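Here, each number is a calculation from the coordinates, and none is a lab measurement. Quantities reported herein were computed from a predicted structural model and do not represent experimental measurements. Heads up, the Cβs are rebuilt from the backbone with ideal geometry, glycines too, and the neighbour counts pull from every protein chain shown.
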Amino acid sequence: MKMVEVDKLTVTRGGNKVLHEVSLNVEQGAFYMIIGPNGAGKTTLLKALSGLIKPDRGAITIQGRDIRRFSARELARILAMVPQQVALDFPFRVAETVLMGRSPHLDLLAFESRHDRELAQQAMDFTDVSHLAQRRLDEVSGGERQRVIIARAICQQPQIILLDEPTASLDPAHQLKIMDLLERLRHQGVTVIMVSHDLNLAGVYGDTLVLLKDGEVACLGSPEQVLTEEQLQTSYECSLMVDENPVSKRPRINLLPERYR
Amino acid sequence: MGSFARKITTILIVLLLLLVLALLMGLAFGSTGGIREVWHLLINSDQDNDTLRAIIWQIRLPRVILAAVTGATLSLGGLVFQALLRNPLAEPYILGVSGGSAVGAISGMLLGLTIFPGVALTAFAGSMFTLLLVLGLASGHLSTRRDTLLLGGVMINAFYSAVITFLISLSPKASQVHQILFWLMGDFSMQTPEQLIILTPVLPCMIIIYILARPMNLLLLGEESAASMGVDVRLIRLILLSVTSLMVSLVVCQAGLVGFVGLTIPHIFRMLLGADHRLLIPACVLGGASYLIGCDLLARTIASNGELPVGIITALVGAPLFIFLLWRSKR
């Protein structure tokens, strides 16, 4: 089933084309990785997919329906977004934050039912944050907080989950934990679209990679098709070497310092 | 489900009892009378003590009601501004929104408009204008905007107090000057109890804010995060800002400038109850009402000759709290 279709999407901001005729075709249960150098338009693409910014030209279709014909609440029942950061100025507790994921499913004045609480508990168990339930969001570590926000997204019961660099600023252990979590979600049928700067993570976990460069799709395909030395060196303008990860058999990217060139 | 309902019910009952107590104290104490006399008056209406009865029903009751409505409105106003600007130090007085209402109100009075709807409308226009100015300052980069906002508020307030002083100097009647100056620091004494009627729109404003409690919760974690959870951010912001500035400007028309209530009360309740607005909104309304009745009682009884403006008391409590919060946020 087609989950997300992007047809010649163009987004202009302040006279500059941030995205130019980007087209994608995401099947249900796919794991898409959006990669590309800084300023390539990765985050803009993600925001357009989540309905946060309007396309200037082209169309985005979610489950066969034009994204502009969804209300914000309808869209939030199908699609969850994990932002790079959340604001921490106010002392919400972990359990409260996760439970907020039920909002798109509830009437304005309704209180969460036992069912909603159970879903929140399941989401916290799934992301391994149940032991933090009563802690404040600003008291937990960065990796834990990211898992809380993912738990909130899961609690939304979306069919598509969008993530903007969820592993940035995390240590390797936490990165692995979050990526494995996303892979389990994907095996449950959730479509995952993620922006990442970590090419190795992208190669190991993604099944389709989208390499953006200057707002256009430079390359789209399997990790083996996209993560080639030639492709990456042109797009990122840096020296690197690609070999094969002996365990995953996926491409492995090695950056080359100046002294080895 | 049960636990949340139980929690909210308990908290509201406690705060309601506190409010009733504050109301009784507010009625009982003053230059004359005491708890016992008021109690007799309440249970035994044909007792012949007409002076005290007149004082209590004609003077103290409207005054206590005005204090309660002002306290409720300003603390709720602080809560809403803090959520919308995602800045725990935002508050109608500090941001200059109260000052904008005051400039609007004084201009209306000088133009000879009636208090309702004329002065109320000019006050509303003043507060909306200031709010838009503040929002302009608050947009931009996240890391700089907290300080920009506070600094902007300080400057807006300085400008408005200059404008107010200038406007007062234009006033033809010298006798009005003292009255306006008193009003600028918060004044709950009124000419007629009927003036309370213009405060009735405050109630629907509060109800609308309560209906939007959950979207406000979502907004606290960031606008994009809220939008991706199905919140129509622009609509919600527009509604909350207009409604809040309407109720604040009505209260300013009646009670003048009472500062820091919107900082003190939401902070106390956030420490006690956490950040969920479905709890905080009713708690701030009830708690803010009790708090300002108490402050007014102090203002009426503490001075040996006459009374203090209530804004003095709230500033004595609130300004140090503000400095403490600022200091803590820097660490």
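Below, the figures for the structure above:
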read-out: Shielding by other protein chains, A:73-80, mean Cβ within 10 Å; value: 3
read-out: Principal axis dimensions, largest first and in whole angstrom, of the range B:67-330 by Cα; value: 56, 36, 35
read-out: Residues residue B:238 and residue A:188, FRET efficiency given R0 of 41 Å [Cβ-Cβ distance, rounded to 0.05]; value: 0.60
read-out: Shielding score for B:225-238, defined as the mean number of other chain Cβ atoms within 10 Å; value: 6
read-out: Intensity falloff of the range A:40-81 expressed as log10 I(q)/I(0), Debye formula with alpha-carbon point scatterers, at q = 0.17, 0.33 Å⁻¹; value: -0.42, -1.36
read-out: Residues whose placed amide H lies under 5 Å from that of residue A:63, excluding near-sequence neighbours; value: A:4, A:5
read-out: Cα-based helix-to-principal-axis angle, A:114-126 vs chain A, degrees rounded to 10; value: 40 degrees
read-out: Hz values of 3J(HN,Hα) by residue in the range A:10-21 - Karplus curve (6.51, -1.76, 1.60), Gly and Pro given as x; value: 10, 10, 10, 9, x, x, 9, 7, 7, 10, 10, 6
read-out: Where N is the number of residues in the range B:47-121, Cα Rg divided by 2.2 N^0.38 Å; value: 1.53
read-out: Computed helical MRE - 222 nm, chain B, DSSP H runs ≥ 4 contributing -39500 (n - 2.57), nearest 500; value: -24500 deg cm²/dmol
read-out: Three-way shape call for chain A based on the alpha-carbon gyration tensor, with the a/c threshold at 1.5; value: oblate
read-out: Exposure proxy ranking, count of Cβ atoms within 10 Å, fewest first, for A:241, B:185; value: A:241, B:185
read-out: Calculated over the protein assembly as shown: convex hull of Cα atoms, volume per residue (Å³); value: 181 Å³
read-out: Most mobile listed residue (A:140, A:195, A:22) in chain A, GNM with C-alpha springs under 10 Å; value: A:140
read-out: Derived scalar couplings ³J(HN,Hα) [the range A:246-261; Karplus, 6.51 cos²θ - 1.76 cosθ + 1.60; whole Hz; x for Gly, Pro]; value: x, 8, 7, 6, 9, x, 10, 9, 10, 6, 10, x, 3, 5, 9, 7
read-out: Amide hydrogen neighbours beyond the local backbone of residue A:82, cut-off 5 Å, H modeled; value: A:162, A:163, A:164
read-out: Shielding by partners, peptide B:268-280 (average Cβ within 10 angstrom, other chains); value: 2
read-out: Residue order, fewest to most beta carbons within 10 Å, for A:234, B:51; value: B:51, A:234
read-out: Ranked packing of B:147-153, A:47-53, most packed first, by mean Cβ within 10 Å; value: A:47-53, B:147-153
read-out: Theoretical ellipticity at 222 nm over chain A - DSSP helices of four or more residues, -39500 (n - 2.57) apiece, nearest 500; value: -9000 deg cm²/dmol
read-out: Part-to-part distance (alpha-carbon centres) for the range A:164-198 and the range B:252-331, which is given in Å; value: 45 Å
read-out: Cα→Cβ-extended label distance, 7 Å offset, between residue A:13 and residue A:65, nm; value: 2.8 nm
read-out: Phi to ³J(HN,Hα) by Karplus 6.51 cos²θ - 1.76 cosθ + 1.60 over the range A:50-57, Hz, x for Gly, Pro; value: 8, x, 6, 10, 8, x, 7, 9
read-out: B:252, A:11, B:20 arranged by Cβ crowding within 10 Å, fewest neighbours leading; value: B:20, A:11, B:252
read-out: Extension gain from residue B:167 to residue B:189, taking 0.36 nm per residue of separation minus the Cα-Cα distance; value: 5.7 nm
read-out: Amide H contacts of residue A:34 (H built 1.01 Å from N, under 5 Å, at least 5 apart or other chain); value: A:194, A:195, A:196, A:210
read-out: Kirkwood hydrodynamic radius of the range A:125-242, from inverse mean 1/r over distinct Cα pairs, in Å; value: 15.7 Å
